[in-house]
Amino acid sequence: MRLLSTRMLLVSGTIVVATCVSISIVSGDGREGTATATAAAERRDRSGAEAAQALRNGRETFRLDTFGDEDFWGGTLKLHRAIEGVKFGGVGAGVSPATALAVGLKVDVDALPPAVVNALRAGAVDLNDPGVTLQLLKLNAVVGVTGFPNSDGSLKSVGIQCALCHSTVDDSFAPGIGHRLDGWANRDLNVGAIVGLSPDLSSVATLLGVPEDTVRTVLASWGPGKFDAELFMDGKAFRPDGRTAATLIPPAFGLAGVNLHTYTGWGSVTYWNAFVANLEMHGKGTFFDPRLDNADQFPVAARAGFSNVRNEPDLITPKLGDLHAYQLSLPAPRPPQNSFDHAAADRGKDLFNGDAKCATCHVPPLFTEPGWNLHLPEEIGIDGFQADRAPDHRYRTTPLKGLFTHVKGGFYHDGRFATLADLVNHYDSFFSLHLSDQQKRDLVEYLKSL
Ligand code: HEC
Ligand code: HEC
């Protein structure tokens, strides 16, 4: 009877309650060992169940939570009006599904009702009709974008999610349409082109202190697979060589065990989640980082007061724990068995861990340094432009698992090495490794196998 009531309390109560009750059982009936073991097992079950629930919550947040950012993307930028087009009361031609797919947006086939799937399969859906995009948005089928509909079917607003940039689909139904792949970088996504659809970029122009036309030029310069998170801190849109300052969208899988994140090591995963949700997505939460008060390095952020953001109610902070857990739970995917030469990869592994000295920084199996995983630009033989846009003026050793998922756009933060062969050639000359052509090929096959 007593044990039964313990269980009932465990179902609805808290761990604290459970602990108290287990103590009363121990002192009450003397079945000390059994009662303690049962309580411990129940606590374990409970922590397992709670962990599973945390991952489900985190996944929901990653995929579907806008954190209230529709007030910015719809309310301020009026992006929904460009999506619906004049026919539905907005502006311009509207965004058809064909256009949406062309700028790299992805469609989640699992969110589509069978009737829509069948119609798509039969070619009975007009992919040039913006009205279809509105329906897809209503179904939450456009990965990372949520439409908020009016009762007449037009859009009231639109918001974005983490999944916009850090998920793609497996193309199992058609190119751009398939099952979600959370954590994969969407290297097709042209963020600049999408934001550039906005009929009103005056708020961004005001933030950056430049004319709206300049904002549009900058957005058009990013290209597919890139976004510039630091632009809204330092206002630097172009590198000294005149090319875009935007960086490639990185994967968000395989991050457990890795200390610092982003290409330049701004902070931990959860630091960066709070940063992005508040400062980039314009969700409504709380963010604190006095490093952004450094007006020499971050003039835009210092002016805008990004170092100390407070919103009531806070729609972000309560979700950070589960979002963090979910991201850490995403394993890096394994490359298809036939996608690399196994014998060459085995030889490449020896080089990676030995003569080529890669593993001194890319320490397996994390492939970054356990500890403080940052390096000065001169340690890896590149310029310091991007490093100098972050508080530590350094580059973070990139974890390398699942490289095969993001070859589009190239390697290093800005994609400066178009291929892995180019990257290996850089290391070969910078570190004077004197690798033979065969050895370089072996190293590349190993990187493809990670
Ligand atoms: C508009 C595209 C975009 C959106 C939306 C976005 N990110 Fe990112 N994310 C990026 C880019 C670009 C970087 C690289 C930034 C840098 O290094 O300066 C990045 C970096 C990261 C990293 C670091 C990865 C690593 O290897 O260290 C994590 C983790 C991450 N984002 C998670 C999230 C989460 C969680 C959300 C939602 C709260 C989110 N991102 C929303 C584009 C985006
Ligand atoms: C001194 C430390 C260090 C050594 C040694 C080193 N790397 Fe790196 N590696 C880095 C850093 C830091 C970056 C991030 C550079 C950037 O994004 O600009 C990086 C990036 C990479 C990337 C790009 C990953 C991506 O997603 O873009 C690959 C691949 C890579 N290294 C492979 C190697 C190989 C192969 C070797 C050995 C020949 C090697 N590294 C040696 C520190 C190192």
Problem - Subset of region 348-392 [among the basic types (Lys, Arg) and surrounded by 18 or more Cβ atoms within 10 Å (Cβ to Cβ)] - result: Lys349, Arg389
Practice task
Test Thr133 against the stated conditions and say whether it is within 22 Å of Leu323 (Cβ to Cβ) and outside the structural domain of Gly409 (by TED's automatic domain parsing).
Solution key: no
Practice task
Could you look through region 142-161, keep only residues that are part of a loop (DSSP other than H, G, I, E, B) and in contact with a strand residue (DSSP E or B) (Cβ under 9 Å, 6 or more places away or on another chain), and pick out the one that is farthest from ligand 2 (Cβ to nearest atom)?
Solution key: Asn150
Exercise for the section: Please work out which one of (1) out of contact with any His (no Cβ under 6 Å at 6 or more places or on another chain); (2) part of a helix (DSSP H, G or I); (3) within 16 Å of ligand 2 (Cβ to nearest atom) is the condition Ala274 fails and give its number. Expected result: (3)
Exercise for the section: Counting only residues that are of a type outside the set (S, T, N, Q), surrounded by fewer than 19 Cβ atoms within 10 Å (Cβ to Cβ) and modelled with pLDDT of 95 or more, give me the helices (runs of 4 or more DSSP H) lying completely in region 181-269 with at least 2 of them. Expected result: 202-208, 212-222
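Among the residues of region 415-430, is there at least one that is in contact with a Ser or Thr (Cβ under 8 Å, 6 or more places away or on another chain) and within 16 Å of ligand 1 (Cβ to nearest atom)?
Within region 415-430, none of the residues are in contact with a Ser or Thr (Cβ under 8 Å, 6 or more places away or on another chain) and within 16 Å of ligand 1 (Cβ to nearest atom).
Quick test for you: out of Ser157, Ser172, Ser202, Ser151, pick the one residue that is of a type in the set (S, T, N, Q) and in contact with a Leu (Cβ under 9 Å, 6 or more places away or on another chain).
Within the list Ser157, Ser172, Ser202, Ser151, the selection yields Ser157.
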Handout entry: Spans of helices (runs of 4 or more DSSP H) in region 335-450 with at least 2 residues under 21 Å from Leu248 (Cα atoms) and touching a residue at least 12 places away in the same chain (Cβ under 8 Å)
Key = 377-380, 420-430, 437-449
Practice task
Confirm whether Tyr427 is surrounded by 17 or more Cβ atoms within 10 Å (Cβ to Cβ), closer than 23 Å to Lys226 by Cβ and near ligand 2 (Cβ under 10 Å from one of its atoms).
Solution key: no
Exercise for the section: Starting from region 79-104, take each residue that is assigned by TED's automatic domain parsing to the domain that holds Asp152 and without any contact (Cβ under 8 Å) to a residue 60 or more places away in the chain and list its partners that are crowded, with 22+ Cβ neighbours inside 10 Å and among the acidic types (Asp, Glu), counting only C-beta distances under 7 angstrom and pairs at least six apart or across chains. Expected result: Gly94/Glu84
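The values are calculated or read from the model by the stated rules, or taken from the named source; none is laboratory data. These figures come from a predicted structure and were not determined experimentally. Glycine gets a Cβ as well: all are built from the backbone with ideal geometry, and neighbour counts include every protein chain shown.
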